[in-house]
1. If you check 3, 44, 21, which single one turns out to be among the β-branched types (Val, Ile, Thr) and outside any strand (DSSP E or B)?
2. For residue 13, indicate whether it is of a type outside the set (A, V, I, L, M, F, W, C), free of Cβ contacts under 8 Å to residues at least 40 places away in the same chain and part of a strand (DSSP E or B).
Amino acid sequence: MKIHDRVYVKTDGQERREGKILLIEPFNEGGMYLVSLPDYPGGIWFFNEKEGGKGVFVTPIEN
């Protein structure tokens with residue numbers, strides 16, 4: 001994934017929400033994605049663990 005990609009994010013108690021990546025910060029354990037959502041246009045940070053599974057909160061929208 002890269003900046004400006006459209007993505008789905010997983011949040012507590014809700015269906016996946018659509019947003020756009022504003023910034024990416026890599027870490028040894030995975031990556032942080034600043035994602036703009038309709039309710040939060042300035043963005044919210046989501047973390048994806050390298051190992052995947054339940055630690056993946058940002059997924060690309062396939063065209």
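Computed from the coordinates by the stated procedures, all read-outs in this text should not be read as laboratory data. Computed from a predicted model, the values in this text were never measured in an experiment. Here Cβ is always computed from backbone atoms with ideal geometry, including for glycine, and neighbour counts include all displayed protein chains.
1. 3 is the lone residue from the list that is among the β-branched types (Val, Ile, Thr) and outside any strand (DSSP E or B).
2. On the way: of a type outside the set (A, V, I, L, M, F, W, C): yes; free of Cβ contacts under 8 Å to residues at least 40 places away in the same chain: yes; part of a strand (DSSP E or B): no.
So residue 13 fails the test.
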